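The values are calculated or read from the model by the stated rules, or taken from the named source; none is laboratory data. If you're wondering where the values come from, they're calculated on a predicted model, not measured in any experiment. Every residue, glycine as well, gets a Cβ built from its backbone with ideal geometry; the counts of neighbours run over all protein chains shown. Side chains included, ligands, DNA and RNA excluded: accessible areas come from the protein's heavy atoms. Shrake-Rupley method; radii C 1.70, N 1.55, O 1.52, S 1.80 Å.
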Amino acid sequence: MTIKNDCPAGRSQFLTQPDTRKYVLGWLGLGSYAQHPIIPANLPQPEFFIGSKVADHWVDEFGANCIEYGEIVGVCWQINKQEWGYFVNWYKGAGPDWLYPCFDGSLVVSGVLRSANND
């Protein structure tokens, strides 16, 4: 996949896979590739893979500490920033219940996420 043809925004999305494709790949016996794909040798290993549970902490505009929990649904190498980014499907958080699940399509960098397997 080339950046020019596949990534007009300047980021490679060769590991991004919708949730339904993950299940189809699992049914075909390729589920291990969807969970732990082969990373080219010149790139560092991502901190999270598709299906990883993560949490994001932040302070809102009123000074309150907030937290959201989600599942990684896409992994993306950002060439310009030289770091991994993640697409997250948020399934619970500080907001009202009607907001979740929520996939906003925003790319989240690994520095703001932490593992939430036990939360």
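Evaluate the stretch 67-80: report whether one residue or more is open to solvent by 20 Å² or more (accessible area, probe 1.4 Å), acidic (Asp, Glu), closer than 14 Å to residue 108 by Cβ and more than 9 Å from the chain's Cα centre (by Cα). Yes: the stretch 67-80 contains one or more residues that are open to solvent by 20 Å² or more (accessible area, probe 1.4 Å), acidic (Asp, Glu), closer than 14 Å to residue 108 by Cβ and more than 9 Å from the chain's Cα centre (by Cα).
The residues in the stretch 42-54 that are surrounded by 19 or more Cβ atoms within 10 Å (Cβ to Cβ) and hydrophobic (A, V, I, L, M, F, W, C) can be counted, and the count is 3. For the stretch 50-72, residues that are charged (D, E, K, R) and outside any strand (DSSP E or B) total 2. Restricting attention to the stretch 81-105, the residues being in a loop (DSSP other than H, G, I, E, B), over 17 Å from residue 46 (Cβ atoms) and open to solvent by 40 Å² or more (accessible area, probe 1.4 Å) number 5.
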